[in-house]
Amino acid sequence: MKPLVSVVMVCRNAESTLPWAFGSLLAQTSRDWECIYVDDGSTDRSFDVAVGLGDPRIRAYRLDTNRGRGAARQFALEQAEGEYLCMLDADDWMYPWRLQTELDFLEAEPKAAIVSAGMAILDGELDLVGVRGHVNGDNPKVFPPMVRLGMPPFGFPQSMIRMRIAKLCKFDPQFRAAEDVDFLMQILLDHGYGILNRILYAYTECSTVTLEKLMLYNRFTGQMFGKQRAGFPLQSRLCNLEVFAKSLVYRGAFAINRSEWLVRRRSRPPTPTEREEFHRAQATVALKVEENFELPFGSRGSRCLLLDLPGTGAMTLARPSSN
């Protein structure tokens, strides 16, 4: 039987953060999922973390070389078999009720192709310091397709997409950053979307942002807008001017050691209720991390074989039959 949700996790050298990512997946209240884990040429023990869990719902692949995020995510999308698609970055984690909450929305709103929610922004100590992408109000909101070109109104990691629509789109294999924005744009220009008024995803932005990453992201964001020039000749140029201006601001902020301020200003302070829910989610995930990663990797009794996937440059895990 095919799983209900395919959770895609693309990883490169994230051995130290993967336990929390996987812990949050194992803590989900909805258990009808598969995880498509793609190791994009890691040189650390990241692949061993996925293998060591021994969970048959985790389908782990290892690319022969570092292909970049666009190529790795497209490879993962092609393997996914669920009715819905969502992402989980290897250095983030999600609230235990994330999958079920988004599933409930999409099953109740057939006109929405995708649903997103708020993000908890974490600092270097993994504490909650901000909230982004959160819709105020008691009810989730449904919006029509975008009619003007611009940045998507929500982030990609905390979103869930109907698979039949996701499969019609493609991650650009040439994009080593902003491939998620490019993918979202393909959906949002043609389909309606929903935004939940809850935080469902914990994003470790403050501890991972560098000027190099921001410049790379902006470069590919500019290319993404350039791809829309035929349909939006003026708006695409204006969007690129905005990207250029942001790059200048980023360079200036890093030059005067205000990079952390730059990151935090994009978010708002959490409310007491949001902070309480964050700590409740964090405590639940922590229990799963302790439960599943207290033993050395490989000591859980799972037997695995690495099999070549012809024509893909990838390898996959196969668990031999116990017979």
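The values are calculated or read from the model by the stated rules, or taken from the named source; none is laboratory data. All figures in this text were calculated on a predicted structure; none of them were measured in a lab. Cβ placement follows ideal geometry from the backbone for every residue including glycine, while neighbour counts extend to all protein chains displayed.
For first residues located in the stretch 275-292 and in contact (Cβ under 8 Å) with a residue 24 or more places away in the chain, partners that are buried (at least 18 other Cβ atoms within 10 Å of the Cβ) and polar (S, T, N, Q) and lie 6+ apart or on another chain with Cβ distances below 6 Å form the pairs Val285/Ser24.
Answer with yes or no whether Val131 is surrounded by fewer than 18 Cβ atoms within 10 Å (Cβ to Cβ) and modelled with pLDDT under 95. Show your work before the answer.
Details: surrounded by fewer than 18 Cβ atoms within 10 Å (Cβ to Cβ): no; modelled with pLDDT under 95: yes.
Spelling it out, it is not the case that Val131 is surrounded by fewer than 18 Cβ atoms within 10 Å (Cβ to Cβ) and modelled with pLDDT under 95.
Conditions first: (1) surrounded by 20 or more Cβ atoms within 10 Å (Cβ to Cβ); (2) in contact with a Lys or Arg (Cβ under 7 Å, 6 or more places away or on another chain); (3) not β-branched (Val, Ile, Thr). Trp93 passes all but one, so which condition is the exception? Of (1) surrounded by 20 or more Cβ atoms within 10 Å (Cβ to Cβ); (2) in contact with a Lys or Arg (Cβ under 7 Å, 6 or more places away or on another chain); (3) not β-branched (Val, Ile, Thr), only one is false for Trp93: (2). With respect to the conditions (1) more than 30 Å from Trp97 (Cα to Cα); (2) at pLDDT below 70; (3) surrounded by 12 or more Cβ atoms within 10 Å (Cβ to Cβ), Thr208 falls short on a single one, namely (1). The residues of the stretch 141-190 that are among the aliphatic types (A, V, I, L, M) and part of a loop (DSSP other than H, G, I, E, B), listed by number, are Met146, Val147, Leu149, Met151, Leu168, Ala177, Ala178, Leu189.
For the stretch 134-147, does any single residue satisfy the condition of being among the basic types (Lys, Arg), modelled with pLDDT of 90 or more and out of contact with any Cys (no Cβ under 8 Å at 6 or more places or on another chain)?
At the first step, the residues of the stretch 134-147 found to be among the basic types (Lys, Arg) are 141.
This time we only want the ones that are modelled with pLDDT of 90 or more, so: none.
No, the stretch 134-147 contains no residue that is among the basic types (Lys, Arg), modelled with pLDDT of 90 or more and out of contact with any Cys (no Cβ under 8 Å at 6 or more places or on another chain).
Residues in the stretch 234-269 that are aliphatic (A, V, I, L, M) and either touching a helix residue (DSSP H, G or I) at 6+ places or on another chain (Cβ under 8 Å) or over 20 Å from Ala120 (Cβ atoms) (or both): Leu234, Leu238, Leu241, Val243, Ala245, Leu248, Val249, Ala253, Ala255, Ile256, Leu262. Checking each residue in the stretch 151-184 for being over 13 Å from the mean Cα position of the chain (by Cα), among the aliphatic types (A, V, I, L, M) and modelled with pLDDT under 95 picks out only Met151.
Per-residue answers, yes or no, for (1) modelled with pLDDT of 95 or more; (2) assigned to a helix (DSSP H, G or I):
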| position | (1), (2) |
| --- | --- |
| Asn197 | no, no |
| Ala202 | yes, no |
| Tyr217 | no, yes |
| Lys246 | no, yes |
| Glu260 | no, yes |
| Phe278 | yes, yes |
| Asn292 | no, yes |
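Can you tell me which residue within the stretch 239-256, out of those that are touching a residue at least 40 places away in the same chain (Cβ under 8 Å) and surrounded by 15 or more Cβ atoms within 10 Å (Cβ to Cβ), is farthest from Asp180 (Cα to Cα)? Of everything passing the filter in the stretch 239-256, Phe254 is farthest from Asp180 (Cα to Cα).
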